[in-house]
Each structure stands twice: as C-alpha cells, then as structure tokens.
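A.B. asks: Take this structure first; my questions come after.
No lab work stands behind these numbers, since they all come straight from the coordinates. Worth saying up front: this structure is predicted, and the values here are computed from it rather than measured. Cβ placement follows ideal geometry from the backbone for every residue including glycine, while neighbour counts extend to all protein chains displayed.
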Ligand code: RB5
C-alpha cells in the first residue's frame, strides 16, 4: 500500500509531521504538494484523489485548515471515499465500515499528537467487509447514477 499525501498552505507543517511518521514506518509515500505556498485545496485534492482512484489498494491523506474543503473536493472523484477524521472512533469505523481510502484532517482543528494517532488508526484498521460490502457498492453505484 502506497500513501499519496497532499496539503494546502494551512496543512503544510502538519503534512511534514505525517510524512515523518510514514517514513519511520517504512511506508512508500508520494507527496502531491503543496510546498508551503498559498494553494487552492481542490487542486491538491484532485491530484491525491485521482492517484488513489487509479491505484486500488493505495490510500490518500489530505490536510487543509479544517479538512472539510479537502474532503468535499476529494469525494467528487469517482472511486474516492474520503472521510474527515477528527477522533479515533470515527477514524477506526470509517475504515471498518466505509472502506475509506482517503483520510482528511484539519491542521487548525487537531493537535499534532492526535493527528499522528489518527494516521496510525487509519493505516492499521482493515475494512471489515461482510455486510458492509454491499453498502460500499451502493456508494459506487451512486457515482454512476448522478
Ligand atoms: C485556507 O485558508 C482554508 O480555507 C483551507 O485550508 C481549508 O480549511 C478549507 O476547507
């Protein structure tokens, strides 16, 4: 599993911390920008989202001020199931039940310690499958219908 990671200017410092964690865990990572300059978050959400959609099994991490803009934008891309992650329970269950393949976080809303813990949960929690398979398929079907 490769991680595609991106941020806007608000999320840049936090992205560097997350990348340190990924490096320490030996996880292959590709940085899709930005490099700290003022950046429109949909541009980065598109890059990460398209990469994750094109590589099933890979995952994405997106960081902006609140995580909300990134999640709204990433979810416009077919195949992306982006979740705004702000607590451990929701992060765990969006993997178990929704098979979320992109996590979004707010750099202005979460402390660094919590953010890194949430990344660990996102990385380490598998999709439960079973009864959730059909529901995730229904989400995919929506992408074809609308
Ligand atoms: C940038 O100021 C801010 O709007 C952005 O980082 C994000 O919070 C949007 O959802």
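A.B. asks: Find the Rg to Rh ratio for the chain, where Rh is the Kirkwood radius over alpha-carbon pairs and Rg uses the same atoms.
C.D. replies: Values: Rg = 14.0 Å, Rh = 14.8 Å.
Ratio value, two decimals: 0.94.
A.B. asks: Another question about this same structure. Just to verify a number: FRET efficiency for residue 21 and residue 139, C-beta to C-beta distance, R0 = 30 Å, to 0.05?
C.D. replies: 0.55
A.B. asks: Suppose R0 equals 35 Å. What FRET efficiency, 1/(1 + (r/R0)^6) with r the Cβ-Cβ distance, do residue 40 and residue 127 give to the nearest 0.05?
C.D. replies: With a Förster radius of 35 Å, E is 0.65.
A.B. asks: Moving on. Just need the relative contact order of region 9-91 here, percent rounded to a whole number, with Cα pairs under 8 Å and 6+ apart. Could you put the intermediate results ahead of the total?
C.D. replies: Details: 81 pairs, mean separation 23.4, N = 83.
Dividing the mean separation by the residue count of region 9-91 yields 28 percent.
A.B. asks: With the convex hull built on the Cα atoms of region 4-75, state its orientation-averaged projected area in nm².
C.D. replies: Values: hull surface 17.1 nm².
Averaged projected hull area, Cα only: 4.3 nm².
A.B. asks: Give me the distance in nm between label points sitting 7 Å out from Cα along the Cα-to-Cβ direction at residue 1 and residue 30, one decimal.
C.D. replies: In this crude label model, residue 1 to residue 30 measures out at 1.8 nm.
A.B. asks: Using label points projected 7 Å from each Cα along Cα→Cβ, tell me how many nm separate residue 78 and residue 97, to one decimal.
C.D. replies: 2.8
A.B. asks: In addition: Where does the chain land at 222 nm, in deg cm²/dmol rounded to the nearest 500, when only DSSP H runs of n ≥ 4 count, each adding -39500 (n - 2.57), divided by all residues? Kindly include the intermediate steps, with their values, before the conclusion.
C.D. replies: Values: 6 runs with 71 residues, N = 146.
For the chain, the value works out to -15000 deg cm²/dmol.
A.B. asks: Further question on the same structure: Where Rh is the Kirkwood radius over the Cα pairs of region 93-146, the temperature 20 °C and the viscosity 1.002 mPa s, what D in µm²/s does Stokes-Einstein return? Walk me through the numbers before you get to the answer.
C.D. replies: Values: Rh = 12.6 Å.
In µm²/s, the coefficient is 170.
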